[in-house]
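Worksheet for the structure shown next.
The values are calculated or read from the model by the stated rules, or taken from the named source; none is laboratory data. All values reported here derive from a predicted model rather than from experimental measurement. Positions of Cβ are generated from backbone atoms using ideal geometry, with glycine treated the same way; all protein chains shown enter the neighbour counts. Surface areas here come from the heavy atoms of the whole protein model, side chains and all, with no ligands, DNA or RNA. Shrake-Rupley method; radii C 1.70, N 1.55, O 1.52, S 1.80 Å.
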Amino acid sequence: MDAARALVETATDADLFLYPGDRHLFTDRSLPSYDEQATKQVNHRVLGFLDRMK
């Protein structure tokens, strides 16, 4: 976490998004750790990022 925060502080255009829980696969709806709201947030952010890459 410290390394990620340090990277964001030194990057010119970066964001650090933290999601609830401690499971990395919260976007996989076949797993008990699936989190619908967090998945929607991830999808929105990823699509926004990709849109800016055009």
For the chain, dividing by residue count, accessible area per residue (probe 1.4 Å) in Å² works out to 92
Nearest-0.05 FRET efficiency for Leu47 and Thr10 at R0 = 22 Å, using Cβ-Cβ distance, is 0.25
Expressed as a percent, the accessible surface of the chain that is carbon or sulfur, using a 1.4 Å probe and the full set of protein chains, is 54
Checking the stretch 8-45 for trypsin sites (Lys or Arg not before Pro) in a loop per DSSP with at most 11 other beta-carbon atoms within 10 Å yields Arg29
For Lys54 and Met1, extending 7 Å from Cα along the Cα-Cβ vector and measuring point to point gives, in nm, a value of 3.7
For the chain, shape from the Cα gyration tensor axes a ≥ b ≥ c, cut at a/c of 1.5 then a/b versus b/c, turns out oblate
Given unit charges at Cβ for Lys, Arg (+) and Asp, Glu (-), the dipole magnitude of the chain about its Cα centre in debye, nearest 20, is 200
Those chymotrypsin sites (Phe, Trp or Tyr not before Pro) from the chain that are DSSP loop and have at most 13 other Cβ neighbours within 10 Å turn out to be Phe17
